[in-house]
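Peer 1: Here it is, the structure, as structure tokens.
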Amino acid sequence: MGTENPPVMEISEPLISEKTNVNDLELVKIPPWKDQITIRGLFVGALLGTLFCIITHKLNLTVGVIPSLNVAAGLLGFFFVKSWTGFLTKLGIFTTPFTRQENTVIQTCVVACYGLAFSGGFGSYMIAMDEKTYKLIGVDYPGNRAEDIKNPSLGWMIGFMFLVSFLGLFSLVPLRKIMVLDYKLTYPSGTATAMLINSFHTNSGAELAGKQVSRLGKYLSISFIWSCFKWFFSGVGDSCGFDNFPTLGLEAFKNTFYFDFSPTYIGCGLICPHIVNCSVLLGAIISWGFLWPFISTYAGDWYPDNLGSNDFKGLYGYKVFIAISLILGDGLYNLIKIIAITVKEICSKQRKQINLPLFSEFQDSESSKLLMEEKRKDETFLKDNIPVWFAASGYVGLAAVSTATIPMLFPPVKWYLVLISYIIAPALAFCNSYGTGLTDWNLTSTYGKIGLFIFASLVGTNGGVIAGLAACGVMMSIVSTAADLMQDFKTGYLTLSSAKSMFVSQLIGTAMGCVIAPLTFWLYWTAFDIGSPDGPYKAPYAVIFREMAILGVRGFSALPKHCLAICCGFFVAALVINLLRDVTPKKISQFIPIPMAMAIPFYIGAYFAIDMFVGTVILFVWERINRKEAEDYAGAVASGLICGDGIWTIPSAILSIFKINPPICMYFGPSVSS
């Protein structure tokens, strides 16, 4: 999936730990590229894409932490098609065999579809434009103008998605051979997904996959039933039910320290690395345990003490801007780091090519077999060529349409600004894709924020906020889909799938996402109070992104007293912490927290950090008791918990739309002595 770390965590190893045997791939008969894309595969892709869009929206609108669902996509795709073919076979109906190539196409289609739920900005830049966010920041807040509002509607959201989501796919297609074959970039998540799919299509792998699917189904059911049970006690409003259970006491509850029994966040804790979960908890302790109570003691001195809880002139302003400073510090450091690594690697590759030996050494039989297998992968990858003229004309044509159309959707964004974006976007897409291939760090949001600041400052006070947010959307879509495509090319290369089938399935998945992502977002938008600071769907990044745009236009003049100094301190701290992570030995650096993960609870609260930490403790204990079982099944259990809670969102939203309220409000308060 193409999303940013650590808000978006990529897997570092597959659920199935067996290595693919070379002989297994030697025996594989490769179907033509058209046969790799099937009607049943596209149907399963649309079904899973819809489910994962719902899950991604829920996470985007609540905490902004989105784990990789690539493994779940491959696993569920395998399960659905195998179940369908098995059912038809029992009825005596012949079906075409289910191949690893078709499995890869399904996974690619699903990831392309639900990736737009993130890069489409439904939890960030897109709803940062709406009236609710404008009012939340304050109608009299400097730089926050009533003219800079564009409320969500299905029509323009779907249109905007179609305008910007395909450009990234065409921008780097001519470089696929260089990235995958010449530079041999690892793309860790793409490689892990390929190993997973290859393992499914062996006898032992299929047996383990069946057990994984069984675990996934079991915990999906448990999660769904539990979420349904919780609903009955959640009452009207946002202060009832298990989501507001003061598990650590009422005083801790006031500072958002409580366990809210969320299967989704526990599942995230099971998937995300231990250091990410611990970083989130550390951020919650620093902010809600120490920093906010400390700043609160200066109410009346640093800021007026009679302000509302969501007034940016008060404590709320510190929460938002300090979170922004951590996010920007982490993003800037990693951007510079990735560019430096990219330049260094490209230079070293060129030197190696210059100094290549004129003959190869004698190879033993095993090495010879590996070389033959690699040659077969290379031939398969290059066989179905995607013409350069097709990619170039596709990019130019789409860019021309977007350049003419985007100013109609967002009048402050002049046509020449859009054109400039499309001229520099391929270079940024290359940097992001290359960096993802080396490190698995997808910096989509960082590139989006760079575009946001640059365009907001260029346009100025008269429309700079909308221009910056729209430019952020353009940048995020291009660099995200480009990195996704290259990651999928790596998966296809390792599963002997045609590059053309990968490209076509990515196009189909993106087209699905352009419709499904806005529709599933609209389900939330109409059913729940999105953006309410006191509700379950706070949409934290909406406020952060709008504030960034205002900051880009006006500078730092609107910050509360001492806020800029504190922000600078945290910005520098983010740079220093990242530097320490890189220069210290691995046995030490693995315990140094990640600033981006620490920043998330600064604004949202500590409750989800408690849930994720519970998930990581469960995984830690599980690994100590039975590491092999944990490696095989943790991802399936986590996916089941996340998917079950995500599925419950659909009936919950329908009940909300029809004004059917939960029958009971379970509420906790201090005991009253008689």
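The values are calculated or read from the model by the stated rules, or taken from the named source; none is laboratory data. What you are looking at is a predicted structure, and each value in this text was computed from that prediction instead of being measured. Using ideal geometry, Cβ is built from the backbone for each residue, glycine included, and neighbour counts are taken over all protein chains shown. Surface areas here come from the heavy atoms of the whole protein model, side chains and all, with no ligands, DNA or RNA. Shrake-Rupley method; radii C 1.70, N 1.55, O 1.52, S 1.80 Å.
Peer 1: Ordered by packing density, taken as the mean number of other Cβ atoms within 10 Å over each peptide's residues, highest first, how do 176-182, 152-158 rank?
Peer 2: So the peptides 176-182, 152-158, ranked by packing, come out 176-182, 152-158.
Peer 1: Continuing with the same structure: List the longest stretch of the chain that has no exposed loop site; here a site is one of the GluC sites (Glu not before Pro) assigned by DSSP to anything other than H, G, I, E or B, with at most 12 other Cβ within 10 Å.
Peer 2: Segment 362-674 is the longest.
Peer 1: Something else about it: Given a 1.4 angstrom probe, I'd like the percentage of the accessible area of the chain that is carbon and sulfur, rounded to a whole number.
Peer 2: The computed percentage sits at 67.
Peer 1: Mind putting a number on the dipole of the chain about its Cα centre? Charges go on the C-beta only, +1 for Lys and Arg and -1 for Asp and Glu, and I need it in Debye to the nearest 20.
Peer 2: 680 debye
Peer 1: Follow-up question, since we're still on this one. Over 32 Å between C-alpha atoms is what I'm after, so list which of LYS150/LYS337; LYS490/LYS587; LYS135/LYS659; LYS414/LYS561 land there.
Peer 2: Distance filter (> 32 Å) returns LYS150/LYS337; LYS414/LYS561.
Peer 1: Round to the nearest 10 and give me the degree value, 0 to 90, for the angle of helix 203-231's Cα axis relative to the longest principal axis of the chain.
Peer 2: 20 degrees
Peer 1: While we're on this one: With each label point set 7 Å from Cα along the Cα-Cβ vector, what nm distance links ILE420 and ASN385?
Peer 2: Calculated label separation equals 3.8 nm.
Peer 1: OK, next. Tell me the Kirkwood radius of segment 526-674: reciprocal of the mean inverse pair distance over distinct alpha-carbon atoms, in Å. Write down the numbers at each step before the final one.
Peer 2: Numbers: mean 1/r = 0.0492 Å⁻¹.
Hydrodynamic radius (Kirkwood, Cα only) of segment 526-674 equals 20.3 Å.
Peer 1: Once you have the Cα-Cα distance between LEU580 and THR186, take 0.36 nm times their residue separation minus that, and quote the gain in nm to one decimal.
Peer 2: Separation in residues times 0.36 nm, less the Cα-Cα distance, equals 139.4 nm.
Peer 1: Treating the angle as unsigned and between 0 and 90°, give the value, to the nearest 10°, between the Cα long axis of helix 188-200 and the longest Cα principal axis of the chain.
Peer 2: Computed tilt is about 60 degrees.
Peer 1: Which whole-angstrom value gives the distance between the alpha carbon centres of segment 630-674 and segment 89-113?
Peer 2: 32 Å
Peer 1: Let me ask something additional. Write down the Kirkwood hydrodynamic radius of segment 433-565, to one decimal in angstroms, obtained as one divided by the mean of 1/r over all alpha carbon pairs.
Peer 2: Values: mean 1/r = 0.0572 Å⁻¹.
Radius from the Kirkwood sum: 17.5 Å.
Peer 1: Let me ask something additional. As a check on your grasp of the helix formula, calculate [θ] at 222 nm for the chain: sum -39500 (n - 2.57) over DSSP H runs of n ≥ 4, divide by the residue count, round to the nearest 500. Working shown, then result.
Peer 2: Working: 27 runs with 451 residues, N = 674.
Only helices count here, giving -22500 deg cm²/dmol.
Peer 1: Next question. In nm, to one decimal, how far is the modelled label at GLU345 from the one at ASN462, with both set 7 Å along Cα→Cβ?
Peer 2: Placing both labels 7 Å beyond Cα along the Cβ direction yields 4.5 nm.
Peer 1: While we're on this one: Report the residues of segment 242-276 in range of a label on ASN661: point 7 Å along Cα→C-beta, backbone N strictly under 18 Å from it.
Peer 2: Answer for this model: 242-244.
Peer 1: How much accessible area per residue does the chain have, counting only protein heavy atoms and a probe of 1.4 Å, in square angstrom?
Peer 2: On a per-residue basis, 40 Å².
Peer 1: Students sometimes get this wrong: rank ARG554, ARG376 by accessible area, probe 1.4 Å, all chains present, largest first. The partial results should precede the final answer.
Peer 2: Numbers: ARG554 100, ARG376 60 Å².
Greatest to least solvent exposure: ARG554, ARG376.
Peer 1: Just grab the label-to-label distance for VAL396 and PHE229, each label 7 Å out from Cα along the Cβ direction, in nm (one decimal).
Peer 2: For the pair VAL396/PHE229, the computed spacing is 6.3 nm.
Peer 1: Continuing with this model, one more query. Suppose the chain between ASP140 and ASP301 were pulled fully straight at 0.36 nm per residue; how much longer would it get relative to their current alpha carbon spacing?
Peer 2: 55.8 nm is the gain from fully extending ASP140 to ASP301.
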